[in-house]
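Enquirer: Mind having a look at this structure? Questions to follow.
The values are calculated or read from the model by the stated rules, or taken from the named source; none is laboratory data. A quick note: this is a predicted structure, and the numbers were derived from the prediction, not measured. Cβ sites come from the backbone with ideal geometry, for glycine too, and all protein chains shown count toward neighbours.
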Number of protein chains: 2
Amino acid sequence: MTQNLEVDRRVRLNRDRVLQAAVFLADETGIDSLSMRRLAQELQVVPMALYKHVSKKEELLDGMVETIIAEIDPSAGGSDWKSEVRQRVLSARRALQRHPWARQVIESRTTRTPAVLAYWDSFTGMFLAGGLSVDLTHHVMHAMGGRMWGFTQELFDDPAAAAGQSAVPSAAQAVMLQQMTDLYPNIAAIAASSAHDGASVVGQGCDDQFEFEFALDLLLDGFERLHRQGWSSKPGKPSGGRQD
Amino acid sequence: MTQNLEVDRRVRLNRDRVLQAAVFLADETGIDSLSMRRLAQELQVVPMALYKHVSKKEELLDGMVETIIAEIDPSAGGSDWKSEVRQRVLSARRALQRHPWARQVIESRTTRTPAVLAYWDSFTGMFLAGGLSVDLTHHVMHAMGGRMWGFTQELFDDPAAAAGQSAVPSAAQAVMLQQMTDLYPNIAAIAASSAHDGASVVGQGCDDQFEFEFALDLLLDGFERLHRQGWSSKPGKPSGGRQD
DNA sequence: ACCTGAACACCGTTCAAGT
DNA sequence: ACCTGAACACCGTTCAAGT
């Protein structure tokens, strides 16, 4: 019965093939050039054919987020909540780094799809299983914000843009550097201490992975401290525990 | 000489009038309906007239960010670095809350305009003036990420979307709530403990301002602790200070 | 110096029609 | 059930022309 539906036009569209192609196209050409029309072309299909599988472009983007979530490793289990959370966050970060468009798309989404809710729920569960109170876990989840997905605003990325254009001759570059130092002395101080190559104003010397883990651990340590102290959001009700 | 250039067509365009109108239009109708054409129409001018004052739409958005930055209170001075930073961040947060589109636009910008650099520089300066090492300040700036602008991912906003549609009859709502509890028990646990009204799954009970300050203070306290300990990113070089 | 008009190469999405 | 074609109401931006 099911023998020669192999080539109906191509392999026949379905939601998964659409999403996979969309992820691939976004990886290759950037999220800005991902249009319904361009995607249809890639799938050798007329634009409107896509609308049988995703009802709007928004739903396409929601679907793409789902595929990202699927790439995040589930908790291995067997260790303390802190390292379990840490592992999960770093895995999420790796998934997002494989797809440069993902952070922006996740941030732009307002709908809570089941996949997103399931991810949050499982994330929440790591703290609760670790013994943190529901109250503390609630605020912890807020505090994790984007870090739960493995991203922060990498404000100091793209150092070339900060230093001026990328391929300026070094004489002009020296002038720019001097101007930067005059105009932005504090940024310049950081640049001077962290840059090994001297050419970049901020960055180049920045190890994003280090910065990410710095902030992550600061928060995790903070959570742990509050947990040990029996912190509660209701004043005057610290549920026991020493004040170390 | 300069007497009757009052009404050339309207008041005559300039960059400031364009930016102001753009901010107003985005405030009123949302960032998605801010198009060059729509903005031109608002200013009673043909679309191309705008291009004398901003070279591309990107530059328009950069300009809009500048106007937001101008709304952030400069440091009052006279207090310790921690409360000064805190005040500045909360002021930034207020500015962003006046313009709901601002967070998204700031996040989408990749160019470092002078206004943005100046803001970062002044922000950096608060830590350095407080005596934090250049090294620590560097990583602190990374860790502040979006919080320096006064925003976090408010993941739990828009509770209606999480609970299903907004105006569901309460019988159907109860079914939904049960489903939520089955599917996402950990989120449900948080919702149950924080919701006073019982109807919302997550949120409604969430005080965004509280959550924001919770995470902010956790970080600030962490920074302070590292500062007191003489923390350094280079291992084995804690520059003095007790380990409390 | 500043604004206009027409045009180009795109968008997302609808609707009615084909197989 | 799935795909197509034509059409609608938009985009950002260029270029040559007007005042």
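Enquirer: Please go through (1) aliphatic (A, V, I, L, M); (2) more than 16 Å from DNA strand D (Cβ to nearest atom); (3) free of Cβ contacts under 8 Å to residues at least 60 places away in the same chain for B:Val89 and return the number of the only condition it doesn't satisfy.
Expert: Against the list (1) aliphatic (A, V, I, L, M); (2) more than 16 Å from DNA strand D (Cβ to nearest atom); (3) free of Cβ contacts under 8 Å to residues at least 60 places away in the same chain, B:Val89 comes up short only on (3).
Enquirer: Give the number of residues within the range A:21-41 that are over 19 Å from the mean Cα position of the chain (by Cα), within 24 Å of A:Ala115 (Cβ to Cβ) and of a type outside the set (A, V, I, L, M).
Expert: 1
Enquirer: Is it true that A:Ala49 is modelled with pLDDT of 95 or more and closer than 30 Å to B:Glu58 by Cα?
Expert: Numbers: modelled with pLDDT of 95 or more: yes; closer than 30 Å to B:Glu58 by Cα: no.
Spelling it out, it is not the case that A:Ala49 is modelled with pLDDT of 95 or more and closer than 30 Å to B:Glu58 by Cα.
Enquirer: Another one. Which is at pLDDT 95 or above and not assigned by TED's automatic domain parsing to the domain that holds B:Asp32, of B:Arg98, B:Arg109? It would help to see each step written out before you state the result.
Expert: Values: B:Arg109 fails: at pLDDT 95 or above.
Just a single option satisfies the conditions, and that option is B:Arg98.
Enquirer: I need the full set of residues from the range A:83-129 which are hydroxyl-bearing (Ser, Thr, Tyr) and surrounded by 18 or more Cβ atoms within 10 Å (Cβ to Cβ), in order please.
Expert: Quick first cut of the range A:83-129, residues hydroxyl-bearing (Ser, Thr, Tyr) only: A:83, A:91, A:108, A:110-111, A:113, A:119, A:122, A:124.
Matches in the range A:83-129: A:Tyr119, A:Thr124.
Enquirer: Restricting the range B:97-155 to residues that are assigned to a helix (DSSP H, G or I) and among the charged types (D, E, K, R), which is nearest to the other protein chains (Cβ to nearest Cβ)?
Expert: Step one: of the range B:97-155, the residues assigned to a helix (DSSP H, G or I) are B:97-98, B:102-108, B:114-129, B:134-149.
This time we only want the ones that are among the charged types (D, E, K, R), so: B:98, B:103, B:107, B:121, B:135, B:147.
On the way: B:Arg98: 20, B:Arg103: 9, B:Glu107: 6, B:Asp121: 4, B:Asp135: 6, B:Arg147: 9 Å.
It comes out as B:Asp121.
Enquirer: With (1) out of contact with any helix residue (DSSP H, G or I) (no Cβ under 8 Å at 6 or more places or on another chain); (2) assigned to a helix (DSSP H, G or I); (3) surrounded by 15 or more Cβ atoms within 10 Å (Cβ to Cβ) as the list, and A:Ala22 as the residue in question, which single condition is left unmet?
Expert: All conditions are met except number (1).
Enquirer: Scan (1) at pLDDT 85 or above; (2) surrounded by 14 or more Cβ atoms within 10 Å (Cβ to Cβ); (3) not hydrophobic (A, V, I, L, M, F, W, C) for the single condition A:Arg228 breaks and write down its number.
Expert: Every listed condition holds for A:Arg228 apart from (2).
Enquirer: Taking the range B:59-78 as the search range and keeping residues that are under 25 Å from B:Leu117 (Cβ atoms) and more than 19 Å from the chain's Cα centre (by Cα), which one is farthest from DNA strand D (Cβ to nearest atom)?
Expert: So the first thing to find is which residues in the range B:59-78 are under 25 Å from B:Leu117 (Cβ atoms), and the list is B:59-77.
If we keep only those that are more than 19 Å from the chain's Cα centre (by Cα) too, we end up with B:59, B:76-77.
Values: B:Glu59: 8, B:Ala76: 39, B:Gly77: 41 Å.
Looking at the filtered set, the residue picked out is B:Gly77.
Enquirer: I'd like to verify a number: residues in the range A:27-82 that are within 14 Å of chain B (Cβ to nearest Cβ), more than 8 Å from DNA strand C (Cβ to nearest atom), surrounded by 14 or more Cβ atoms within 10 Å (Cβ to Cβ) and without any contact (Cβ under 8 Å) to a residue 24 or more places away in the chain, how many?
Expert: 0
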